[in-house]
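Everything on this sheet refers to the single structure shown next.
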Amino acid sequence: MTEQTVVVIDHGSGYMKSGFSGWNEPQLVLPSIVNYRPCKENPGPSSARRRLGLGIDLLHPDTFSYPIQRGRVLNWEGVEQIWSFVLQKHRLIHEDTPVLVTESPLKDPVERKKTLEIMFELLDVPALLLADQLEMSLYATGFLTGMVVDSGCGLTRVQPFHLGRPIWPTGKMLEFGGQDLSDYLVKSLFKEDSKMNKLFRLQTVDAIKMTKCYVPQKLVEALDYRQSLPSGYDDSNTYILPDGTSVELTPMQRLAPEMFFSPQVFDQERPSISQAVLDSINACDAALQPQLMSHVIACGGNTLYPGFTRRLFLELAPHYPSCTDASVWSHSKRNFSVWLGASVVAHLSTYKSEWMTRKEYDGHWWI
Ligand SMILES: Nc1ncnc2c1ncn2[C@@H]1O[C@H](COP(=O)(O)OP(=O)(O)OP(=O)(O)O)[C@@H](O)[C@H]1O
Ligand SMILES: [Mg+2]
């Protein structure tokens, strides 16, 4: 198990990342989206039946959905289709490889059982390892003790680890992520009766998020500065739509990722990401807290906003004045941290006993 190439799949609420272990990034990154097209093979009364397709059907751009939402699988047929496509692609290069699938810390037994069923019975994999997503992010850094902060499309989760194992029950999960930021921007940028379809609106908002939005060090100062600028003074507020028309972004739209740090400003009732980290660290043994504070590990796509990790540090450090080496660790590929850590774990001998082979599955020794 430890020498053979492994296909590593990190299937998030927003993006599916997959590739061969040992590589320094996933080779396939797909939006985790499926669509249901009207099924031509079933005309007549059964025409209501629809065929599942991958990604977005450009002829019916409003019929797509995300099979995983907020870390939970809502549509197994969609997940199955995505995994089947992914394995088919990877098997063109390496046949019959073991597979590592990352799983949400919720570890729902029903989801686990279904994952085993799809992987062994339908996709015929020779061996499977289910690995905790946050634990994988820890391994991506090489630390064994630290505080993982993962903010993705549907969820923001924090989990302290000691010697490679999660410290229960001190983790926190916020049902908040990049999709909520997108919703805010869609609502504030487009009118209800806008003729633009859902796909166009989401793509525009995604591009704006990645090129125009940032986290300020201090919200009030950033707003005062932006509001003091004469209209049209700052070119970077303008986003050009594909049809050539331009959208002028308001200061609040550019500062939308502030939602992670000041939910109250957006009338959202939940703790800020910094508060979740502090609550989680404070629930741990006092002797461990300085070590956790000096190894806060930022990962997941949202932490790529300019200013995000700096702001997190600025909000955490004053709470631990005695911890002189408080640090937020991040690397440029932190949106792939879970995948990168899993790609290492796939070859660790310490995980050897956690793999399940097809023979073991067939013998139902796992029940
Ligand atoms: N460069 C970037 N700048 C800002 N946001 C980004 C950037 N790249 C990705 N994102 C955002 O990060 C989110 C996706 O992150 P990620 O891939 O970690 O989520 P996921 O694993 O699919 O979801 P989850 O872990 O919540 O199930 C999206 O909302 C996306 O808009
Ligand atoms: Mg994720």
Of the numbered conditions (1) modelled with pLDDT of 95 or more; (2) surrounded by fewer than 14 Cβ atoms within 10 Å (Cβ to Cβ); (3) among the charged types (D, E, K, R), Lys17 satisfies every one except a single condition; which is it?
-> (2)
Filter region 233-275 down to residues that are in contact with a strand residue (DSSP E or B) (Cβ under 8 Å, 6 or more places away or on another chain) and either loosely packed, with under 11 Cβ neighbours inside 10 Å or of a type in the set (Ser, Thr, Tyr) (or both), then give me how many there are.
-> 4
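Residue-wise test of (1) at pLDDT 95 or above; (2) not assigned by TED's automatic domain parsing to the domain that holds Ile273.
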{"position": "Leu292", "(1), (2)": "yes, no"}
{"position": "Ala298", "(1), (2)": "yes, no"}
{"position": "Tyr305", "(1), (2)": "yes, no"}
{"position": "Leu312", "(1), (2)": "yes, no"}
{"position": "Pro321", "(1), (2)": "no, no"}
{"position": "Trp329", "(1), (2)": "yes, no"}
{"position": "Ser343", "(1), (2)": "yes, yes"}
{"position": "Ser349", "(1), (2)": "no, yes"}
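Determine which member of the set Leu255, Leu304, Leu312, Leu249 is within 16 Å of ligand 2 (Cβ to nearest atom), touching a helix residue (DSSP H, G or I) at 6+ places or on another chain (Cβ under 7 Å) and more than 23 Å from Leu163 (Cα to Cα). Don't jump to the end; show me each part of the working.
Numbers: Leu255 fails: within 16 Å of ligand 2 (Cβ to nearest atom); Leu312 fails: within 16 Å of ligand 2 (Cβ to nearest atom); Leu249 fails: within 16 Å of ligand 2 (Cβ to nearest atom).
Testing whether each residue is within 16 Å of ligand 2 (Cβ to nearest atom), touching a helix residue (DSSP H, G or I) at 6+ places or on another chain (Cβ under 7 Å) and more than 23 Å from Leu163 (Cα to Cα) leaves just Leu304.
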Do any residues in region 150-164 that are away from ligand 2 (no atom under 16 Å from the Cβ) have Cβ atoms under 9 Å from those of residues that are modelled with pLDDT of 95 or more and of a type in the set (Ser, Thr, Tyr), where the two are at least six apart or on different chains, and which pairs are they?
-> Pro160/Thr145; Pro160/Thr170; Pro160/Ser280; Phe161/Thr145; His162/Thr145; Leu163/Thr145; Gly164/Tyr139; Gly164/Thr145
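Of all residues being assigned to a helix (DSSP H, G or I) and within 15 Å of ligand 2 (Cβ to nearest atom) in region 128-146, which is surrounded by the most Cβ atoms within 10 Å (Cβ to Cβ)? Just the residue, please.
Taking region 128-146 first, the residues assigned to a helix (DSSP H, G or I) are 133-141.
Going one step further and asking which of them are within 15 Å of ligand 2 (Cβ to nearest atom), we end up with 133-140.
Details: Gln133: 27, Leu134: 25, Glu135: 20, Met136: 27, Ser137: 30, Leu138: 28, Tyr139: 22, Ala140: 23.
Filtering first and then ranking leaves Ser137.
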Checking Phe200 against (1) within 20 Å of the chain's Cα centre (by Cα); (2) within 20 Å of Gly14 (Cβ to Cβ), which test does it fail?
-> (1)
Kindly list, by first and then second residue, each pair from a residue in region 233-246 that is in the same structural domain as Ala207 (by TED's automatic domain parsing) to a residue that is in a loop (DSSP other than H, G, I, E, B), limited to pairs with Cβ atoms under 7 Å and residues at least 6 apart or on different chains.
-> Asn237/Leu249; Tyr239/Leu249
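Need at least 3 residues that are over 29 Å from Leu278 (Cα atoms) per element, so show me which strands (runs of 3 or more DSSP E) inside region 159-258 make the cut, counting only ones lying wholly within it. I'd like the intermediate steps shown before the answer.
Details: elements: 172-174, 238-240, 246-248.
So the answer is 238-240, 246-248.
Within region 72-85, can you find the residues that are in a loop (DSSP other than H, G, I, E, B) and surrounded by 14 or more Cβ atoms within 10 Å (Cβ to Cβ)? Explain how you work it out, then say what you get.
Step one: list which residues in region 72-85 are in a loop (DSSP other than H, G, I, E, B), which gives 74-75.
Asn75, the sole residue that qualifies.
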Filter region 86-109 for residues that are crowded, with 16+ Cβ neighbours inside 10 Å, away from ligand 2 (no atom under 16 Å from the Cβ) and not aliphatic (A, V, I, L, M); which is nearest to Phe120 (Cα to Cα)?
-> Pro98
Report, by residue number, each residue of region 191-206 that is touching a Ser or Thr at 6+ places or on another chain (Cβ under 9 Å) and without any contact (Cβ under 8 Å) to a residue 12 or more places away in the chain.
-> Met196
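The values are calculated or read from the model by the stated rules, or taken from the named source; none is laboratory data. Just so it is clear, the model here is predicted, and its values are computed rather than measured. With ideal geometry, Cβ positions are generated from the backbone for all residues, glycine too; neighbour counts draw on all protein chains shown.
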